[in-house]
Amino acid sequence: MPTPRSFSRTGEPLPAGVKQVGTVRSGGKTLPLYLVECRIDSGSIQEIIFQEKPAWLDFEVLGKRNDKDNFYVDRSRKPAADRSGVHVFAATLERPPVEMHIMPAAFGNLYQPGEKPAMTATLQAREKTVATLAWTVRDLAGKTLEQGSKSVAFARAGEVVKVETPFAQRELGWYRVDFQLSGADKTALLQHTAYFSLIPADTRKAGYESPYFTWNFGGAHGTIKDIGVTGPLLLKAGIRSTHVESEAVGAPWKLTRAQFPRLSPRSKDPQLAAQEMEKLIKDQLAKFPHATMALIFHESGGGPFPLELVGGQTEVDEKQRAYDQAKADHLALIAKAYRQHAPQLKLVVGNSGFVNPGLLASLFRAKVPREHIDFIGEESVGMTMPPEISVGRENWLNQEVARHFGYGDIPVCACYEWKSRRSRNLGLERHAEWNVRDVLIGHAWKQPLIPTFGLPDVTFSYYHTVWGDGAFTHNPQVYPKPTYPAVATATLVLDCAKFVRLVPTGSLTVYALEFQRDGEFVYAFWTARGELDATLEFERDATVKHTEMLGRATTQKTSARQLKLRIAEAANYLTTPIALKSVAALGERTFPRERLPAAAQLTTVSAMNRIADWKLDRAVDPRIDVPAKPPINSTSFRRPGHYELREVKDEQ
């Protein structure tokens, strides 16, 4: 919760909240001494102030903060290596004349049809005074939808007044509420931002066979330990698999653990190890009789990246061969145990993100039996890579390893720690969009397990890593981000639906997926970037249901078997009794997120309308033709393409 303050240079006017109160001698110099007001955003940490037992508050005064690479692990709250020129001698904390604690009417601030969204502000005076509470409700686009306020006169210190703030919103979706408490002189005292969401009723028919899983730390890293608290949140989102003690415990919310974690014996004796595995497997089956798959490896490391995939040759020495064989022997031990004691479970082999191709190559070089592998496991993080890359490319890459070593097309399955995405990097809206597209692309790959958001944001230092993000703000606040209703909408619209095909759209970055369910068709549409109008042509005229990403639905009718649809980066869906024949036309693509500022000064470098002004550079460029040698990263797959220049007439 940083509160930055800037100081003027000598001779410049002092900023508001800063005044000189004297001088001080330091380093042989006489320097000005300032009294500086730093307003702390304590309204954003109300759970620490009011709900932590015992109450505590830490604060720290820093100079320049870390401004180096804060992506993978965010260290921006830590001091930079540069020494600050500011000396701090003392600090005094000042309490507001009125304290404010905002609480939702329902845990998670989720509301289904028939439930009225509301919050309560508990105001407690520290003196006789007057205060005004104001609130504004906005949608995801930032549009103001409603406003309200209430003034309260406190007769004495210690007086408590509760202000109910019911909201008028009744449409499904996600909403932001900004509260502000002002004092008698209209000065802002406290602010607090909350989120709430209106979601549809849970009419899903899918049970334990549902593919949707969510990572649940179960109390670790400051998360929620009680499944009785998280269970209802998962049920309403259509999640049917998570970390739960057993199916019996998770029964009220239809929860199982569809994918067993890595099980491994401790004994090195083959006979004792086999007995251990039998017990481990049977214990898991007793807890989760509806489980469908099991992991063999989990964050188990890998061998060298197979350079054959980028046009090179992997060097394998005796040490590497021994490593490969050890991995193969481990796979054989575990796989044989599962085949004997739980033959119904599918075996998922592979894990650990970008090192996974190395693990697979080790196994394939050791010529493991194909019958030991039902699925290649994939568990890379998504971070800020678009889903079309972070899901599609990683699945392709792992399959490519199998194909190279002669194992053919082995299907891919996600492992349960799949695709962490950070809203602090993406923003709330794109965080929702990409989580949904992860789900949709997982369907297109026919993954039997499709992990999605975590519950909720973690706390402590783990929050500042790429794994710390969820569909709710941290516990015990637990406000829904747009990701929650977005994923809940996807699981509802696609409930029990089976992926059929990728519908041709005429563009490699405009996507249309076809699903079927009980005689009807469901279509999901989105773009990788930008938005456009599409003309859809159906087999015959029909009434279709259009559902937006956050759940709002309307009924539309085709005309002359056609329907106009706006397709954007946020997925939207059509449910129809008639099959889509084709995407007949795509309109001009626009990029509203990339509009230049109105005052931007632009210079036309080239109108790009004369072929004579351009030529192809065919020289070798190491940034494109990357050598096939370690270390391997995403740029290692770059190769120069085959291009030609042509002059065409194009209004765009």
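Could you sort the peptides 272-284, 405-417 by per-residue average Cβ neighbour count (10 Å cutoff), highest mean leading?
405-417, 272-284
Please figure out what share of the DSSP beta bridges in the chain is antiparallel and state it in percent, rounded to the nearest 5.
Percent antiparallel among DSSP bridges in the chain is about 85.
Mind giving me the FRET efficiency for Thr535 and Val21? R0 is 51 Å, r the Cβ-Cβ distance, nearest 0.05 is fine.
Using R0 = 51 Å, I get an efficiency of 0.15.
Which length gain, in nm to one decimal place, applies between Thr132 and Arg65 when the Cα-Cα distance is subtracted from 0.36 nm times their residue separation?
20.6 nm
Semi-axes of the stretch 8-72's equivalent ellipsoid from the Cα gyration tensor, sqrt of 5 times each eigenvalue, largest first, rounded to whole Å?
Taking √(5λ) for each Cα gyration eigenvalue gives 32, 19, 14 Å.
Let me know the whole percent of all Cα-Cα pairs from the stretch 99-190 that are separated by more than 22 Å.
Across the stretch 99-190, Cα pairs with separations above 22 Å total 32 percent.
Considering only C-alpha atoms, what is the centroid distance from the stretch 538-579 to the stretch 241-255, in Å?
If we compute the Cα centre of each part, the gap is 35 Å.
Need one number: nm distance between label points at Val500 and Arg646, each 7 Å from Cα along Cα→Cβ, rounded to one decimal.
3.4 nm
Once both labels are modelled 7 Å past Cα along the beta-carbon direction, what's the Ala80-Ile48 spacing in nm?
With each label placed 7 Å out from Cα toward Cβ, I get 2.4 nm.
Only four residue types carry charge here, +1 at the Cβ of Lys and Arg and -1 at the Cβ of Asp and Glu. Report the dipole size of the stretch 427-478 about the Cα centre in Debye, rounded to the nearest 20.
180 debye
List the relative contact order of the chain as a percent without decimals, with contacts defined as Cα pairs under 8 Å and 6+ residues apart.
9 percent
Which cross-chain or sequence-distant (5 or more) residues have an amide H under 5 Å from the amide H of Tyr195, H modelled 1.01 Å from N in plane?
Residues meeting the amide H criterion: Val177.
Could you work out how far helix 227-237 tilts from the main Cα principal axis of the chain, as a 0 to 90 degree angle to the nearest 10?
Here the helix axis deviates by roughly 70 degrees.
Could you sort 441-453, 420-432 so that the peptide with the highest average Cβ count within 10 Å comes first and the rest follow in order?
The peptides rank, most packed first, as 441-453, 420-432.
Only four residue types carry charge here, +1 at the Cβ of Lys and Arg and -1 at the Cβ of Asp and Glu. Report the dipole size of the chain about the Cα centre in Debye, rounded to the nearest 20.
580 debye
Taking all protein chains in place and a 1.4 Å probe, what share, in percent, of the accessible surface of the chain do carbon and sulfur account for?
52 percent
In whole Å, what are the Cα extents of the stretch 322-399 along the three principal axes, biggest one first?
Its Cα atoms span 41, 31, 16 Å along the three principal axes.
With a 1.4 Å probe and all protein chains left in place, how much accessible area per residue does the chain have, in Å²?
52 Å²
With label points built 7 Å along Cα→Cβ from the Cα atoms of Glu308 and Arg618, find their separation and express it in nm.
3.2 nm
Straight-line reach from Lys150: which aspartates and glutamates have Cα under 18 Å away, leaving out those fewer than 8 places along the same chain?
Within reach: Glu99, Glu159, Glu164, Asp178, Asp185.
Highest mean first, what order results for 332-344, 456-468, 590-602, 358-370 on Cβ atoms within 10 Å?
358-370, 456-468, 332-344, 590-602
Just to confirm the number: angle between the C-alpha axis of helix 356-365 and the first principal axis of the chain, 0 to 90 degrees, nearest 10?
The helix 356-365 is inclined about 20 degrees to the chain.
If the cut-off is 19 Å between C-alpha atoms, which aspartates and glutamates fall inside it for Lys268, apart from same-chain ones fewer than 8 positions away?
Glu276, Glu278, Asp324, Asp329
Output needed: percent of Cα pairs per 10 Å distance bin for the chain, bins running from 0 to the one holding the longest distance.
Distribution as computed: 3, 12, 20, 23, 19, 14, 7, 2, 0 percent.
Pairs Lys367/Lys629; Lys564/Lys649; Lys205/Lys419; Lys254/Lys279; Lys53/Lys287; Lys78/Lys143: which exceed 32 Å Cα-Cα?
Lys53/Lys287; Lys78/Lys143
Just the projected area, averaged over all directions, of the convex hull on the alpha carbon atoms of the stretch 294-426: how many nm²?
Taking the Cα atoms of the stretch 294-426, their convex hull projects to 8.5 nm² on average.
Give the distance, in whole Å, between the Cα centre of the stretch 605-637 and the Cα centre of the stretch 73-92.
If you average the Cα positions of each part, the centres end up 43 Å apart.
What is the calculated FRET efficiency for Asp139 to Ser246, with r their C-beta to C-beta distance and R₀ = 60 Å, to the nearest 0.05?
About 0.90, to the nearest 0.05.
Could you work out how far helix 392-404 tilts from the main Cα principal axis of the chain, as a 0 to 90 degree angle to the nearest 10?
30 degrees
Provide the convex hull volume over Cα atoms per residue for the stretch 350-509, in Å³.
135 Å³
Decide, for the stretch 255-333, between rounded, prolate and oblate: order the square roots of the alpha carbon gyration tensor eigenvalues as a ≥ b ≥ c, take rounded if a/c falls under 1.5, and otherwise choose prolate if a/b is larger than b/c, else oblate.
oblate
Considering the stretch 39-154, what Rg and Dmax in Å follow from its alpha-carbon atoms?
When restricted to Cα atoms, the stretch 39-154 yields Rg and Dmax of 19.5, 59 Å.
The values are calculated or read from the model by the stated rules, or taken from the named source; none is laboratory data. Note that the structure is a prediction, hence the values are computed from the model and not measured. All Cβ positions, even for glycine, are placed from backbone atoms using ideal geometry, and neighbour counts span all protein chains on display. Note: accessible area is taken over every heavy atom of the protein model, side chains too, but ligands, DNA and RNA are not part of it. Shrake-Rupley method; radii C 1.70, N 1.55, O 1.52, S 1.80 Å.
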